[in-house]
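Data block below; observations after.
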């Protein structure tokens, strides 16, 4: 039996797991839901850091939004983790590193997007973020109703 050599960086392994094509509609629906659930966290972090004058209101709105989506968050997390484990092959230790890597990538992309435009546009978006989170546009249970039904009817850790 040979010992598994730990990678110098987990990035190629994580990328390999994430780039596996979805085996069915169930798997195809998980990542879009996960990204939508992660986006407000990244936006809230950016706004709190760069526009602290709206930080308290933004933080409160984010906490309320997260609480409304708590069940969905737990369900999507469990199902995406099971999917990643089934795609991990010899590297199940990479799976707990995926969500933080995705979050970091999302924050970096957001910073890049915000840095490419005038500060006042970003300030306005951050000031408006609490209202946006309370809108129908961020009601993810409604937006993903069909996908959630498929996901919740699907046994964890299985495909098709």
Does any residue in the stretch 55-77 that is without any contact (Cβ under 8 Å) to a residue 24 or more places away in the chain and at positive phi come within less than 7 Å, Cβ to Cβ, of a residue that is in a helix (DSSP H, G or I) and surrounded by 15 or more Cβ atoms within 10 Å (Cβ to Cβ) six or more places away or on a different chain, and which pairs are these?
none
Within the bounds of the stretch 49-61, is there any residue that is surrounded by fewer than 13 Cβ atoms within 10 Å (Cβ to Cβ) and over 30 Å from residue 124 (Cβ atoms)?
no
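Just to be sure before I move on: is residue 135 at pLDDT below 90 and more than 30 Å from residue 13 (Cβ to Cβ) in the structure I sent? Show your work before the answer.
Details: at pLDDT below 90: no; more than 30 Å from residue 13 (Cβ to Cβ): yes.
No, not satisfied.
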Among the residues in the stretch 150-159, are any at positive phi and assigned to a loop (DSSP other than H, G, I, E, B)?
yes
Could you check the stretch 114-138 and list, in sequence order, the residues that are surrounded by 12 or more Cβ atoms within 10 Å (Cβ to Cβ) and either farther than 21 Å from residue 69 by Cα or touching a residue at least 12 places away in the same chain (Cβ under 8 Å) (or both)?
114, 122, 123, 124, 125, 126, 127, 129, 130, 133, 134, 138
Quick one: count up the residues across the stretch 78-105 that are touching a helix residue (DSSP H, G or I) at 6+ places or on another chain (Cβ under 8 Å) and surrounded by 14 or more Cβ atoms within 10 Å (Cβ to Cβ).
17
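The values are calculated or read from the model by the stated rules, or taken from the named source; none is laboratory data. Quantities reported herein were computed from a predicted structural model and do not represent experimental measurements. Cβ atoms come from the backbone with ideal geometry, glycine included; neighbour counts cover every protein chain shown.
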